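The values are calculated or read from the model by the stated rules, or taken from the named source; none is laboratory data. This structure is a prediction, so every number in the text was calculated from the model and none was measured. FYI the Cβ positions are ideal-geometry reconstructions off the backbone, even for glycines, and counts take in every protein chain you see.
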Amino acid sequence: MIATFDGSSVNLGREGKVLYDQSGFGRPGAGGLTLSPEEALYLLHRNKIEIEGYTFDSFLAECAASPGFFRCYLVYRDIRERGYVIQPGPHDFRVYRRGQRPATGQSHYVLRVLPERELIRFEAIVGDVRSALHMRKHYVLAVVDDEDELTYYEVKLPRLEKAADCAGAGIIDAKVFGTTVIAEHDAAAALEQAWFGTRLDAERLMLSPTETVFLAGRGMLRCGGGPASLDTYIEASMASDADLRAKLAAYTHLRDLGYIPRTGYKFGHHFRVYSGKSTHSEMLVHALDADAGMPMSVISRSVRLAHSVRKKMLFACTHENTVCYIEFARIKL
């Protein structure tokens, strides 16, 4: 089949419609079949079409002048070779279930292509995933690394189910010692039973800044040194930890749902989270401000580590006045 290139799309005559009917290539119209550059380059490489005035190399050179084109072509080719019908669509592509194509089925994924160091803006990606959900699609990131290898991540917005209720600690008396808050004796035992704090010794329990601010905010903590000493401690904690407000929002939300957040420092994240159903934590949670961004390469390392220790990797950010959880999971299409 002979096609022409007009600088933005490739046009086949009416005989090209067979490519659409059989394999879901292009978009049919009154004048024939219109192909995207990625579709045309793929068909040219497979010797299914010819483009007037172009070889594969010269057409690739023409298209590669557009930023990001080669990444998109690599993803397009990979998806096609895996047996899926893929077309340009929301974000970059839409992908149909195996065995389905336009006019006979519904697309299953919306797919965005990005390089490994792309900065992921969490507030924006929440909007993208919600848009995909409204269309009843799965949202997938296709990441192209520096060696042009591809990795796929499905991004979800999980709604955490309420966990088992934790034991309450009641109103607890504690003391502020400089940068440390310590509960003693019965108070220490009550906090420990409710999964707060770390033992200093048999009689004393140390509270983290997140735990202290949470308990104080709920009116569950009284400090023997007087209100001023607790206020001073909280102010100093806020000043020394730029992430504390975001961490506190996630911590409070998780506690309200009955989960037990504990430090996730050894995993490189803010919290490891228990549901109370197991002696092992089920999730890693990293808290972020609503407008925060993170390179995709960092997210990739986080997902790999979480999966290696059999946990889900969630990022928590405040979106539209509520805490929203974003889950990245590596998938094989």
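A few notes on this one:
Matching residues to (1) crowded, with 17+ Cβ neighbours inside 10 Å; (2) under 34 Å from the mean Cα position of the chain (by Cα):
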{"residue": "Ile2", "(1), (2)": "no, no"}
{"residue": "Gly7", "(1), (2)": "no, no"}
{"residue": "Gly13", "(1), (2)": "no, no"}
{"residue": "Lys17", "(1), (2)": "no, no"}
{"residue": "Phe25", "(1), (2)": "yes, yes"}
{"residue": "Ala30", "(1), (2)": "no, no"}
{"residue": "Glu38", "(1), (2)": "yes, yes"}
{"residue": "Tyr54", "(1), (2)": "yes, no"}
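- The residue that is farthest from Gly26 (Cα to Cα), counting only those in region 116-143 that are touching a Ser or Thr at 6+ places or on another chain (Cβ under 9 Å) and not acidic (Asp, Glu), is Arg117.
- Selection of region 225-275 for residues being touching a Gly at 6+ places or on another chain (Cβ under 7 Å) and modelled with pLDDT of 95 or more yields His270, Phe271, Arg272.
- Strands (runs of 3 or more DSSP E) lying entirely in region 1-75 (those with 3 or more residues that are touching a strand residue (DSSP E or B) at 6+ places or on another chain (Cβ under 7 Å) and over 27 Å from Pro115 (Cβ atoms)): 2-5, 32-35
- From His280, His269, His307, residue being in a loop (DSSP other than H, G, I, E, B) and in contact with a Lys or Arg (Cβ under 9 Å, 6 or more places away or on another chain): His280
- Residue tally, condition out of contact with any Pro (no Cβ under 6 Å at 6 or more places or on another chain) and in contact (Cβ under 8 Å) with a residue 24 or more places away in the chain, over region 260-274: 10
- Matching entry among Asp231, Asp256 (being under 24 Å from Thr212 (Cβ atoms), assigned by TED's automatic domain parsing to the domain that holds Thr210 and surrounded by fewer than 16 Cβ atoms within 10 Å (Cβ to Cβ)): Asp231
- Elements of type helices (runs of 4 or more DSSP H) in region 119-218, at least 3 residues being at negative phi, of a type outside the set (Phe, Trp, Tyr) and touching a Cys at 6+ places or on another chain (Cβ under 9 Å): none
- Single residue of Glu81, Glu147, Glu154, Glu161 found to be exposed (fewer than 13 other Cβ atoms within 10 Å of the Cβ) and touching a Leu at 6+ places or on another chain (Cβ under 9 Å): Glu161
- Unmet criterion (only one of (1) surrounded by fewer than 18 Cβ atoms within 10 Å (Cβ to Cβ); (2) assigned by TED's automatic domain parsing to the domain that holds Ile234; (3) of a type outside the set (Ser, Thr, Tyr)) for Arg130: (2)
- The listed residue being aliphatic (A, V, I, L, M), free of Cβ contacts under 8 Å to residues at least 40 places away in the same chain and closer than 28 Å to Arg77 by Cα, out of Leu141, Leu207, Leu119, Leu133: Leu133
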